[in-house]
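For reference, the structure discussed in these notes is given below.
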Amino acid sequence: MPVVIHLWHGNKDSGLRFHYVAAGERGKPLMLLLHGFPEFWYSWRHQLREFKSEYRVVALDLRGYGETDAPPHKENYKLDCLIADIKDILESLGYNKCVLIGHDWGGMIAWLVAICYPEMVTKLIVVNFPHPSVFTEYILRHPSQLIKSGYYFFFQMPWFPEFMFTLNDFKVLKSLFTSQATGIGRKGCRLTAEDIEAYLYVFSQPGALTGPINHYRTLFSCLPLQNHEVIMPTLLLWGERDAFMEVEMAEITRIYVKNHFRLTILSEASHWLQQDQPDIVNKLIWTFLKEETKRKRE
């Protein structure tokens with residue numbers, strides 16, 4: 001895959017160095033990709049290849065992940081910091097707006113960026129994460145979702161979650177992507193041995209799990225939101241076999257989008273949707289992007 005790997009030095013406020021992988025020519029419209037947990041830029045490999053013909057496609061390693069700097073204190077992972085990271089990265093790349101795509105935890109950040117900096121997001125695409133207000137309200141009323149999100153509470157403990165991931169040669173990490181309960185199903189595009197090895201390499205580095213888990217350790221200090229509305233065209237893609245998120249939250253999300261909203265639920269797909277069904281996901285994204293261009297012309 002012809003991509004260019006960049007390292008850049010962060011803004012004057014955070015001073016962090018962020019790692020990203022880019023495809024497509026500079027100067028084309030920016031498509032910014034935000035991964036989930038426990039992932040890194042590589043989870044967007046199919047989209048980097050697909051959209052580089054018309055976009056400058058940039059897949060980040062979020063703060064604390066992969067080759068991006070990982071501040072040591074959990075206070076450095078508050079949602080305010082993560083939102084500011086995206087704004088600063090956009091500016092450092094020489095852009096003032098983008099198509100923003102987020103999956104899982106990256107979807108949470110994408111929603112919040114769209115809410116806080118609507119002028120920066122021309123179109124919002126989220127994969128398997130509801131509007132944050134839907135998530136917080138739903139989880140309080142539905143014990144079944146509270147149980148599925150139990151890892152949010154488990155991650156509040158110091159050091160032990162990181163230790164658990166390393167046991168038996170990172171068995172938990174591997175099983176998230178491959179097990180019958182949580183992984184990509186028989187009909188999906190299963191991860192190859194090389195794909196699994198890429199994940200193991202990144203997360204087996206010393207201290208590599210602490211930054212990602214710190215994202216969750218500050219969550220409860222940041223929610224619920226004061227401002228809720230999303231005002232740009234929005235596409236929500238959802239794998240119905242998601243072991244961590246109940247599909248009912250996807251439909252409720254519609255309430256908060258005050259613009260064109262498209263929801264597509266893929267019945268056979270897992271939580272890892274853009275890797276599980278890359279061809280279908282890419283087609284749905286193209287359709288949404290082209291459809292919005294047509295709507296503007298009319």
### Query
Just one of [x] 57, 42, 40; [y] 59, 45, 43; [z] 70, 47, 31 is Cα extents along the principal axes in Å as worked out from the coordinates here. Which one is it?
[x]
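Of all beta bridges DSSP finds with both residues in the chain, what is the antiparallel percent, to the nearest 5?
Values: 10 of 35 bridges.
Close to 30 percent.
Write down the accessible area per residue of the chain in Å², having rolled a 1.4 Å probe over the full set of protein chains. Each step should come with its number before you reach the end.
Values: 13140 Å² over 298 residues.
Heavy-atom accessible area per residue stands at 44 Å².
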### Message
Per DSSP helix of 4 or more residues, -39500 (n - 2.57); summed, then divided by the residues of the chain. What does that give at 222 nm, rounded to the nearest 500?
### Response
-12000 deg cm²/dmol
### Task
Search the structure for amide H atoms under 5 Å from the amide H of residue 121, placed 1.01 Å from N in the peptide plane, and list their residues when 5 or more places away or on another chain.
98
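Could you tell me what percent of the accessible area of the range 1-135 is made up of carbon and sulfur, with a 1.4 Å probe and every protein chain present?
On the way: 2230 of 4600 Å².
C and S atoms contribute 48 percent here.
Which whole number in µm²/s is D for the range 250-289 by Stokes-Einstein, with the Kirkwood Rh taken over Cα pairs at 20 °C and 1.002 mPa s? Don't jump to the answer; show the numbers that get you there.
Values: Rh = 11.4 Å.
The estimated diffusion coefficient comes to 187 µm²/s.
Which of the DSSP-defined H helices in the chain satisfy a minimum axial length of 18 Å, computed from C-alpha atoms, and a minimum mean Kyte-Doolittle hydropathy of -1.0? Mind dumping the intermediate values first?
On the way: long enough: 79-92 (20 Å, 0.75); 160-178 (23 Å, 0.49); 278-297 (29 Å, -0.94).
The answer, listed by residue number, is 79-92, 160-178, 278-297.
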### Message
Checking the cross-link filter: which lysines have an alpha carbon closer than 29 Å to that of residue 290, excluding same-chain neighbours under 8 positions apart?
### Response
28, 52, 87, 97, 123, 187, 258
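Let's test the formula: R0 of 30 Å, r as the Cβ-Cβ distance of residue 229 and residue 268. What FRET efficiency results, to the nearest 0.05?
Numbers: r = 33 Å, r/R0 = 1.09.
After rounding, the FRET efficiency stands at 0.35.
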### Query
Counting pairs of alpha carbon atoms under 8 Å apart in space and at least six apart in sequence, what relative contact order in percent does the chain give?
19 percent
### Query
Under 5 Å between amide H atoms, partner at least 5 residues away or on a different chain: which partners does residue 239 have, H built in plane at 1.01 Å?
128, 266
## Note on the structure
Expressed as a whole-number percentage, the relative contact order of the range 48-187 with C-alpha contacts under 8 angstrom and at least six residues apart is 12 percent
### Query
What ranking do 78-84, 271-277 get when scored by the average of other Cβ atoms within 10 Å per residue, highest first?
271-277, 78-84
### Summary
Simple spin-label estimate for residue 154/residue 261, 7 Å along Cα→Cβ, in nm, reads 3.2 nm
### Theoretical FRET efficiency, 1/(1+(r/R0)^6), r = Cβ-Cβ of residue 167 and residue 28, R0 30 Å, to 0.05
0.10
#### Entry: 19 Å Cα-Cα reach of residue 174 towards aspartates and glutamates, excluding residues that sit fewer than 8 places from it in its own chain
39, 104, 162, 194, 195, 197, 242, 276
### Query
Which whole-Hz ³J(HN,Hα) couplings does the range 34-41 yield from phi under the Karplus relation 6.51 cos²θ - 1.76 cosθ + 1.60, θ = phi - 60°, glycine and proline marked x?
10, 7, x, 10, x, 9, 7, 3
### Task
Return the FRET efficiency for the residue pair residue 75, residue 251: r is the Cβ-Cβ distance, R0 is 51 Å, and the value is rounded to the nearest 0.05.
0.90
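What is the ratio of the Cα radius of gyration of the range 81-194 to 2.2 N^0.38 Å, with N the residue count, to two decimals?
Working: Rg = 17.3 Å, N = 114, 2.2 N^0.38 = 13.3 Å.
So the Cα radius of gyration is 1.30 times the expected 2.2 N^0.38 Å.
The values are calculated or read from the model by the stated rules, or taken from the named source; none is laboratory data. It should be emphasised that the depicted structure is a prediction, and the values quoted were computed from it without experimental measurement. Backbone-built Cβ (ideal geometry, glycine too); neighbour counts: all protein chains shown. Keep in mind that these areas ignore ligands, DNA and RNA; they rest on the heavy atoms of the full protein, side chains included. Shrake-Rupley method; radii C 1.70, N 1.55, O 1.52, S 1.80 Å.
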